1. Report the Cα centroid-to-centroid distance between segment 149-169 and segment 67-135 in angstrom, as an integer.
2. Name the trypsin sites (Lys or Arg not before Pro) in segment 43-118 that are in a loop by DSSP and that have at most 16 other C-beta atoms within 10 Å, would you?
3. With a 10 Å cut-off between alpha carbons and a GNM built on the chain, which of Ser40, Ser149, Ser161 moves the most?
4. What is the projected area of the convex hull of the Cα atoms of segment 4-169, averaged over all directions, in nm²?
5. Glu154's amide H: which non-local residues (gap 5+, or another chain) put their own amide H closer than 5 Å, with H modeled 1.01 Å from N in plane and none for Pro or chain starts?
6. Please list 3J(HN,Hα) in residue order for segment 67-84, calculated via the Karplus relation 6.51 cos²θ - 1.76 cosθ + 1.60 where θ = phi - 60°; whole Hz, with x for glycine and proline.
7. Which of Glu32, Glu86, Glu124 moves the most in a Gaussian network model of the chain with Cα springs under 10 Å?
8. For Glu121, enumerate residues with amide H under 5 Å from its amide H, sequence gap 5+ or separate chain, H modeled in the peptide plane.
Amino acid sequence: MQDFNSLLINRRSYRKYTDEPLSGDEVQLILEAALLSPTSKNKHSWEFVVVEDKEMLAKLSNCKPHSAGFVADAALAVVVIGNPLEADPWIEDASIAAINMQLQAEELNIGSCWVQVRGREFSETVTSGEYINDVLDIPMPLEVLCIVSFGKKEKQRSPNSTDNLLWEKVHIGKYKINA
């Protein structure tokens, strides 16, 4: 088990996975991380569609031409959806759940990658979210925020460095324009 700072330093986006499946215990821990996530006013406006079927993963990988193809090679994908009628900060609630899953995966030495869906296009006339809604039979008013792919890391990546943190983005007391 890593301390939290090490977890943050080591968590990177992984788009290449081995063929090894995730264990049931690993999947359960990843999903528990989502379900333990805090939500505005305890509304739990998020829901999750868990996909392990290779044919369905391939379909999901087509949701964004040229930038989601790696989902087809994942052992698992979790489609993170929210209900804007339950809570107006559904995007924030769902985002917290998604990153919690990614942090849990890193703690298990499982690679993950966030695929942005909300606000993205499948085609000129169909959004990525509409495409996924159709593929997975997601009803209205639910909206897809993202897909998080998971799999055993094909190879380790070097950790993030704290040497180049953007401290100029931190303002103490009030916003100050950096000269």
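The numbers here are math on the coordinates, done by the rules we state, and not lab data. Everything quoted here is computed from the prediction, not taken from an experiment. Cβ atoms come from the backbone with ideal geometry, glycine included; neighbour counts cover every protein chain shown.
1. 20
2. On the way: sites: Lys43, Lys54, Lys59, Arg118; in loops: Lys43, Arg118.
Passing sites in segment 43-118 are Lys43.
3. Sorting by GNM fluctuation, first place goes to Ser161.
4. 10.9
5. Lys16, Tyr17, Thr18
6. Per residue, the Karplus-derived 3J(HN,Hα) values read 9, 10, x, 5, 4, 4, 9, 6, 7, 8, 10, 10, 8, 9, 10, x, 10, x Hz.
7. Largest GNM mean-square fluctuation: Glu124.
8. Ser128
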